[in-house]
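*Asks:* Let me begin by handing over the structure; questions about it come next.
The values are calculated or read from the model by the stated rules, or taken from the named source; none is laboratory data. Bear in mind the structure is a predicted one, so any value in this text is a computation, not a measurement. Here Cβ is always computed from backbone atoms with ideal geometry, including for glycine, and neighbour counts include all displayed protein chains.
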Amino acid sequence: MSPLDHMSPDQLPEPEEPILLTDGDAMPVDAMVSPIQLREAQRQEDPSDKFPVVCLGGSAGSIEGLERFFRNMPADPDMAFVVVTHQSPDQQGELTQVIQYFTPMPVLQAEDGLKVQPNHVYVIPPDRDMSMLHGTLLLFTPTQPRGRRLPIDFFLQNLAKDARERAVCIIFSGLGTDGTIGLKMVMENFGMVMVQAPETAEYDSMPRSAIATEFVDYVLPAEQLPAKLIEYLKIPVMNRPRREVAESASKPAHALQKIFILIRSRTGHDFSFYKRNTVFRRIERRMNSHQIKEFTHYVRYLQENPEEVDLLFKELLIGVTKFFRDQEAYEALKKRLWPVIQEKPIDSTIRVWTPGCSTGEEAYSVAMTLMECLDSVDPLKYLKIQIFATDINPEGIEFARAGVYGENIVADVNQERLQRFFVKVDAGYQIRKEVRDVVIFAVHNLNKDAPFTKLDLLVCRNLLIYLSAELQRNLIPIFHYALNPGAVLLLGPSENLTGYQDLFQPLDVKWKLSRRIEGSSSMARLINFPFALGRLQEVPVHSAHNMNPAARKEGPFASLVQRVLLREFTPPAVVINAKGDVLYINGRTGKYLDPAPGMGSMNLFDMAREDLTYQLSAVVHNALTDRSDAVVENVKVKTEGGVQLLRLTAKYLDEPEQLAGMLLVAFEDMPTPTKVRLGKAGLSSELSRDAVIAALEKELQYTKHRLQTTVEEMESSLEELKSTNEELQSANEELQSTNEEAMTNKEEMQSLNEELMTLNMQYLSKTEELSQAANDMKNLLDATEIATVFLDNELIIKRFTPSMSRIINLLPTDVGRSITHFASNLRHEQLMEDVRLVIDRLVPVETNIQTTRGEWFVMRILPYRTLDNYISGAVITFTEITELKNLEEQLTVSTAMAESIVESVREPMLVLDAQLRILTASHAFTETFAVELDKIKGQPLSELSDGIWNQPALHRKLVQLLQAENQSFDDALLELTPNGQSTRSLRIHGRRITSDGQKTNRLLIGVEEQAPKPAASRPE
């Protein structure tokens, strides 16, 4: 996440050096812009540019959904559309032309630096990643392999940062999980998310993955999405200018407090310390989805619909995280952690805390980083890792404990880490057990639960930006208290430690890495702790002449002055609880308190001197009973200098909240007469007998009162013990019932175990059948002598038959290697292109090819389809046709020779096929009957010379000759009368052509012209 994402223009930091704006987490934009320039650019943005930008993401089967979407979208919706789909590199411009058929809006293929305009549709080019900065589209060459690219996630993450609440994400049909991470970023930046209903999608993997995030606003069929989108964007709140959060008629403060109370009552979590602006925007999102305009109406809606409280709680907890977010920050962390690791003793533990861990990606990233750091440590110096990952969202904690993440993490985790720290599972990738074992996930509220302590590293990234300044001021000292001296603190890029420079020393300003330092840190640690049992660490003394005024006012100098004043001008005092246990001691109390012999005790009544026991008990009892101050004067106590008169004060503490219910007991010396100070003799002379009796009666009354109180407390404790005993008996009965259920479960488990054994036998039988089938298949493939090779989608060889060695020199050890690594004996250079074409388009390829040794094969390339009808590669078969090719060549030569012979003879001759079509004719025939050979080839004999050869008798003899009734005929006489010519008498000879003694379907026809008959004499 960019450091500027969670700040308004007036809150941007102004470092001395310009910062590098990044387009997403993977691709840098080559522009250096200072925060001041960026702030001015944001202030000068044209309000007309504030139109919604809709990203339409899809993969396989998304064309149909896009068609139904655009056909129901009007021509002027006042929003821009960006289509991001998975395309083949050779489909340049095809998707743009297809979408243009569905909408009257202009459809353009995105270009680098193209400014987005409303009422336009932009399509991502093939083989490109696309980003967006200040409304301008930017194109990048992909860095990930084609099968691992996530172009939809990449664009959505950058769109969310650039368009913020104007961003809209719509996920259509597709395979995989692309878009799941990106839509979370859109949601975090107050955009809107829609998904095509899975049951209407051709492939529902992407829609279901998006719905599983629970960050989706609407799930509808594709044709209903445009109407809902326009309805949502026309809500007035979307068009209001940004304003500071303040109490108004539409946002009353008491309504917000009521919402906080409803959330706290439902979930137990208090969001009153979250930033108001963030909370209001989250609430407005929920109000927009229900078309509620007034906060008071939404409060009523929450009261009537408790499930909406749960949805609002999840809305406030949206945490967009991923593995190794800001990779440079983790590299800097490695560098700064090395000294801390080097100083750790042998067999010690590296303790880490990651509050606000969300779904665990950040905690696991820290674990992997530490394990990589330990690779460089001496193996003899064994160090353990213990990471506490906490969050207030129980569902996120449960998800993190499982450690199963989608396949889209390959965009953030390199191959080396995937192989070392992850295991491939059906759902994606799971963190290995050795990594999961070092991370302890727990539900923890940073606002009210005690922190983890003695830490070597604390990672809290992008959490403080959501909290109020007051809560941040309270948390930073707690972080300091939790860390060991010299330990490291890592914050998010938008967070800082302003005002706490005396607690942390910056190590990396850009990535907010700091080291814990001492100084006045001990005093800062006590800000949120009302008392301490140990002596405060001495603060080094600094000379006054070299101390600036600010240090005198708030630094160690002020602390020294306060301590001197407390020591010189305040009486000795202790803070105790209701039982008298001493929690804090101020000043020198040795004159009044003396540790009791035996086991050490910090109880006030056990430590008090003998003369003070009665008076202390009385004054403490009165203060606790009345919950007010109690004072006793002229209390005598024996000291080394004689008898001293005291004023005992017990002050009941109501505030602060951490001290409520405790007592402050002060010992204040009073002026003591000399006669009283003399000792026992002097005291005895001053006391009368009546005074002694009165004191003894008073002490007796107090003792009776305390005895009565003790008896009542004992009776109350007895009743509680009885109740506890009954509860224990009830618990024992429940345990017995549980034991019986466990025995029943044991029997069920035994039965289940037997079923599993039976199932195991069935699986063994199936395995044997599969083994036999595999043997049969192998023998079948070997027996066919058809060269066959099986490839996967990456052209990796999975299996091949021995006959393949005649074409490609393959060995059994070559299984698992790419076929592109081998040279073939084929005179066909496009083999790999043909295979990729079959895998991509599922179109079979068949062709005749020749080897370098002159052998001919029929090559067929077919898609490899699994039983589930999934394409898992290709199958290439080679069938030898060398003999057929030789026969074909011989036949061609023979035919050419026959035609040459026929054409060269001097007699008129014809060659006919089985359909009595003319195959060839001699030169004499063409001259005799005035025809052209090129024109009559392929012409039926019955149509020759305008049909004069269509003679039934001749046709009958030719058919009989083809039916092998006769081998030849010589007696066919014909009379032909060409147009405009005299009648010609012909004698026809027919022969059936044979080849090597075998009959063929060819006829040889000879024509012999007879002399004309003499004309008959006419009678005179």
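*Asks:* Residue by residue through segment 647-677, note down the ones that are part of a strand (DSSP E or B) and modelled with pLDDT of 85 or more. Reasoning before the result, please.
*Replies:* Let us first name the residues in segment 647-677 that are part of a strand (DSSP E or B), namely 647-652, 663-669.
647, 648, 649, 650, 651, 652, 663, 664, 665, 666, 667, 668, listed by residue number.
Here's the yes/no breakdown for (1) part of a strand (DSSP E or B); (2) free of Cβ contacts under 8 Å to residues at least 24 places away in the same chain; (3) surrounded by 10 or more Cβ atoms within 10 Å (Cβ to Cβ):
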residue	(1), (2), (3)
760	no, yes, yes
766	no, yes, yes
770	no, yes, yes
773	no, yes, yes
776	no, yes, yes
783	no, yes, no
790	yes, no, yes
794	no, no, yes
797	yes, yes, yes
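*Asks:* Would it be correct to say that residue 619 is in a strand (DSSP E or B) and either buried (at least 17 other Cβ atoms within 10 Å of the Cβ) or hydrophobic (A, V, I, L, M, F, W, C) (or both)? I'd like the intermediate steps shown before the answer.
*Replies:* Details: in a strand (DSSP E or B): no; either buried (at least 17 other Cβ atoms within 10 Å of the Cβ) or hydrophobic (A, V, I, L, M, F, W, C) (or both): yes.
No: the conditions fail for residue 619.
*Asks:* When you scan segment 69-90, do you find a residue that is in the same structural domain as residue 187 (by TED's automatic domain parsing), buried (at least 19 other Cβ atoms within 10 Å of the Cβ) and in a helix (DSSP H, G or I), even just one?
*Replies:* Looking for residues that are in the same structural domain as residue 187 (by TED's automatic domain parsing), buried (at least 19 other Cβ atoms within 10 Å of the Cβ) and in a helix (DSSP H, G or I), one finds at least one in segment 69-90, hence yes.
*Asks:* Name the residue, out of 382, 405, that is surrounded by 17 or more Cβ atoms within 10 Å (Cβ to Cβ) and among the aromatic types (Phe, Trp, Tyr).
*Replies:* Numbers: 382 fails: surrounded by 17 or more Cβ atoms within 10 Å (Cβ to Cβ).
From the options 382, 405, the qualifying one is 405.
*Asks:* Return the only residue of 846, 855 being touching a helix residue (DSSP H, G or I) at 6+ places or on another chain (Cβ under 6 Å), among the acidic types (Asp, Glu), modelled with pLDDT of 85 or more and closer than 22 Å to residue 883 by Cβ. Before the answer, list the steps.
*Replies:* Working: 846 fails: touching a helix residue (DSSP H, G or I) at 6+ places or on another chain (Cβ under 6 Å).
Going through 846, 855 in turn, just one is touching a helix residue (DSSP H, G or I) at 6+ places or on another chain (Cβ under 6 Å), among the acidic types (Asp, Glu), modelled with pLDDT of 85 or more and closer than 22 Å to residue 883 by Cβ: 855.
*Asks:* Take residue 462 and decide whether it is of a type in the set (S, T, N, Q) and closer than 28 Å to residue 394 by Cβ. Lay out the reasoning, then the answer.
*Replies:* Values: of a type in the set (S, T, N, Q): yes; closer than 28 Å to residue 394 by Cβ: yes.
It is true that residue 462 is of a type in the set (S, T, N, Q) and closer than 28 Å to residue 394 by Cβ.
*Asks:* Taking segment 486-520 as the region of interest, how many residues are of a type in the set (D, E, K, R), buried (at least 17 other Cβ atoms within 10 Å of the Cβ) and under 27 Å from the mean Cα position of the chain (by Cα)?
*Replies:* 2
*Asks:* Okay, next question. Does residue 336 satisfy the condition of being more than 24 Å from the chain's Cα centre (by Cα) and under 20 Å from residue 351 (Cα atoms)? Give the derivation first.
*Replies:* On the way: more than 24 Å from the chain's Cα centre (by Cα): yes; under 20 Å from residue 351 (Cα atoms): yes.
Answer is yes for this residue.
*Asks:* Another question about this same structure. Checking residue 709 against (1) closer than 30 Å to residue 612 by Cα; (2) of a type outside the set (A, V, I, L, M, F, W, C); (3) at pLDDT 85 or above, which single condition isn't satisfied?
*Replies:* All conditions pass for residue 709, except number (3).
*Asks:* Sort out for me the strands (runs of 3 or more DSSP E) sitting completely within segment 383-475 that have 2 or more residues that are within 16 Å of the chain's Cα centre (by Cα) and without any contact (Cβ under 8 Å) to a residue 60 or more places away in the chain. Full working, then the answer.
*Replies:* Details: elements: 384-391, 422-425, 428-431, 439-443, 455-460.
Where strands (runs of 3 or more DSSP E) fall fully within segment 383-475 and carry at least 2 residues being within 16 Å of the chain's Cα centre (by Cα) and without any contact (Cβ under 8 Å) to a residue 60 or more places away in the chain, they are 422-425, 428-431.
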